[in-house]
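Okay, so here's the structure we're looking at.
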Amino acid sequence: MNDGLVVQLLVSGIAFGTPLLIAALGELLSERSGVLNLGLEGMMLMGAVCGFWVSQRMGGPEWLALTVALGAAGGVGLLMGLLHGFMTITLRANQIVSGLALTILGGSIGLSSYLGQVGGLGDERGRHTFEKIDVLGLGDLPGIGPVLFHQSLIVYLSWVLTAAVAYYVFRTRAGQHLRAVGEDPRAADAMGIDVARYRYAHTLVGGALVGMAGASYTLAITPNWSDGMTAGAGWIALALVIFAFWRPGFVLIGAYLFGVVSSLGFNLQVRGVDLPPELFSALPYLLTVVVLVVVSNAWAKHRFGAPDALGVPYVREEA
Amino acid sequence: MSTRVRFERRLETPRLLGPILPVVSVAGALVIAAILLLLTGHDPLTTYKRMAEAGFSSTQALSSTVASATPLLLTGLAAALAFRVRVWNIGGEGQLYMGAVCAAGMGIAVGGSGLAVALPAMIVAGILGGAAWAAIPGVLRAYLNTNEILTTLMFNYIGGLLMYYLIFDSHSFWRDVSSPEAKLFPQGKVIDASAFWPGFTGSELVVPLGFVVGVVVAALLFVLMRHTRLGFDLRVVADSPEVGRYAGMRTRRLVLIVMLISGGVAGLAGASQVGDFSHVLEPVGLQPAAYGYTGIVVAALARFNPLGVVVSALFLGGMTNAGFALQGADFPQGLVGTLQAIILFCVLASELFSRYRIVLRTGGGAPVAAGRAA
């Protein structure tokens, strides 16, 4: 049973959905504060290349190498978030263009490719990876065993993260302030909330998560580095935040749905289904367009819309 | 006595800033990139000198630069038009692919009937291919309010895969299956030599037809934006959709028109890639070049002015060309893309000076204007 198509699809759907989930949660934090960051694709590639570089070059025990690698990826994402924050919050630059600039900077013909070549990472096989963990020996349970109890540590951490983000945004005072800043910065300012500080903090933390999401490719999914290896995952994560109506729980469901669709191709191929590989590769992109169209209808928008101030710089009118 | 930096909104942007800001931005970007080069063990001055030589020093280098600038000019114009009116068409990349697919298909079909037929047919096919690929996100945006940034991007990936499918995984009209080695190593059908686009040669400088077409398109777009009713409507709707609607402008239709023109111009870039250069549909060459994305940098550096795009395309084309020429161990790949992104950030940061004056307010005293923005 555990080798059946459905179980295998769920298993690989969760594995492939995890980077999408982590990146989309990062973007959710940033967008909830009113900052749209279109730089995800570039930030994920930078996280992927930096994480891989550190894990390849660091000595010491595996757990340490992996932790430091993940930390480095988060650090790079944080720095890129800082750049975006400086451009859009302090200099009040257009958020769309700044995000695109981040993607071009980190992108497949930019800095991530540069670092991959300078570090000579292209031909190396990964030395350290996050292996799958058999939790409590339950990994062989029929059906749910491989899906829930035999995944890598990153998957379990992403579940904790989802719950933490949901709790933070909806159940804490700071989360309430965050939502106020994203919905109506003027009112938040009048309440004494430091709008710029909230926006910076969440763009930075969100950036760190996006960087780590990128590293989960090179440290868990495919232990090697190639230019542009995220293949649009950053953009799909951006779309996921919209599908999920800016709610962490829905982000998780959406990410796994996309994970399943992304892994449909090779799961069917090993079972002898002969269709053009390009068709399977195109499915996540097509699905993104279809779902975007569905959620952009007026009803959905009215019911749970985006943060009102998303994409709008806040300028306090001074006397 | 404390000093505070304040931004004061300008009522009017000084004319001189138009050309000055991009130059200052490029200079700033070169300084920042120099730090990166130093950190990774390269000598920035030598690297820049070699890039300048490879891009601009001889007639031959200039010819290559104009060739590299050709696709950037067209994708830059596509982005400049759309971004100027706040329609975020990031799909120049995919629209270029589809322009190349359609122009190559047309070239294979009618290439034998001579340049007088093939050239206009390929140009029209390229424009239609790009416009059609932009039409889908355009309609979705205009009538269903679907975010065009994400849909145009998804269509870039889908277009790229479609192109690969036509050459690598099908027996399509575009694929050459005539010889045994072409079956082993998939490749496209080469269009008839009589349908290769002619270049303009003067004292060793070769200018591809696509570049000349691009300059004409730049002039047309400039006139469109400045001197026509459509351009006026577009500018009004871009600055305030409410005002446009109140004045009875059909905003949805305007958005769609912009997408169609922008996609058509990007498609033209694809047609020129086939007609001027590769003479065959070549996914492996088109996709990593990322002309569509670089077009965004070209457009931003020109501050979305179509005539400025001609200049910035030549400049960034020179950089791209230098990147190709110098590729090797001591010239890391990705450097040119990184440099272009840093330029984009600097341009974006410099926009602050066109919208605001920087004022240093010293405690209690009168405000003192400072900096180059004064």
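FRET efficiency for the pair B:ILE20 and A:ASP3, taken as 1/(1 + (r/R0)^6) with r the Cβ-Cβ distance and R0 = 56 Å, rounds to 0.25. Build a GNM of chain B with springs between Cα atoms under 10 Å apart, and of B:GLY41, B:GLY231, B:GLY126 the one that fluctuates most is B:GLY41.
Each Lys and Arg Cβ is given +1 and each Asp and Glu Cβ -1; about its Cα centre, the protein assembly as shown then shows a dipole of about 2300 debye. Listed by number, the DSSP H helices of chain A that run 30 Å or longer by alpha-carbon position along their axis and have mean Kyte hydropathy of at least -0.5 are A:5-32, A:62-85, A:195-216, A:248-269.
Build a GNM of chain A with springs between Cα atoms under 10 Å apart, and of A:ALA24, A:ALA215, A:ALA239 the one that fluctuates most is A:ALA239. Rounded to the nearest 500, the 222 nm mean residue ellipticity of chain A from helices alone is -21500 deg cm²/dmol, with -39,500 (n - 2.57) taken per DSSP H run of at least 4 residues. From the Cα gyration tensor of the protein assembly as shown, with a ≥ b ≥ c the square roots of its eigenvalues, which class applies: rounded if a/c is under 1.5, or else prolate if a/b is larger than b/c, or else oblate? Cα axes put the protein assembly as shown in the rounded bin. Mean-square fluctuations from a GNM of chain B, with a 10 angstrom spring cutoff on Cα atoms, peak among B:PHE353, B:PHE185, B:PHE345 at B:PHE185. Using C-alpha pairs below 8 Å separated by at least 6 residues, the relative contact order for chain A is 36 percent.
Spacing of the modelled spin labels on B:ARG253 and A:PHE266, each 7 Å from Cα toward Cβ, amounts to 5.1 nm.
Principal-axis analysis of the Cα atoms of chain B puts helix B:59-84 at an angle of about 70° to the longest axis. Listed by chain and number, the aspartates and glutamates whose C-alpha is less than 18 Å from the C-alpha of B:LYS183, apart from same-chain residues fewer than 8 away, are B:ASP169, B:GLU282. Once the Cα-Cα distance is subtracted from the 0.36 nm per residue extended length, the B:ARG6 to B:SER203 segment shows a gain of 65.5 nm.
For region A:6-49, just say rounded, prolate or oblate: build the C-alpha gyration tensor, square-root its eigenvalues into a ≥ b ≥ c, call rounded for a/c under 1.5, and beyond that prolate if a/b exceeds b/c, oblate if not. Judged from the Cα gyration tensor, region A:6-49 comes out oblate (a/c at least 1.5, b/c at or above a/b). Computed over chain B, the per-residue total of -39500 (n - 2.57) for DSSP H runs of n ≥ 4 gives a 222 nm mean residue ellipticity of -23000 deg cm²/dmol, rounded to 500.
Computed from Cα positions, the angle between helix B:148-168 and the longest principal axis of chain B comes to roughly 30 degrees. For chain B, the longest principal axis of the Cα atoms and the long axis of helix B:44-56 meet at an angle of about 50 degrees.
Across the options A:ALA190, A:VAL11, A:PRO146, the greatest Cα extent toward the positive end of the charge dipole of chain A (unit charges at beta carbon of Lys, Arg, Asp, Glu) belongs to A:ALA190.
The Cα center of region A:221-244 and the Cα center of region A:130-192 differ in position by 19 Å.
First check a/c for region A:199-265, with a ≥ b ≥ c the square roots of the eigenvalues of its C-alpha gyration tensor; if it is under 1.5, answer rounded, and if not, answer prolate when a/b is larger than b/c or oblate otherwise.
oblate
Rule-based calculations on the coordinates, nothing more; no lab input. Not measured: the values here are computed from a predicted model. Positions of Cβ are generated from backbone atoms using ideal geometry, with glycine treated the same way; all protein chains shown enter the neighbour counts.
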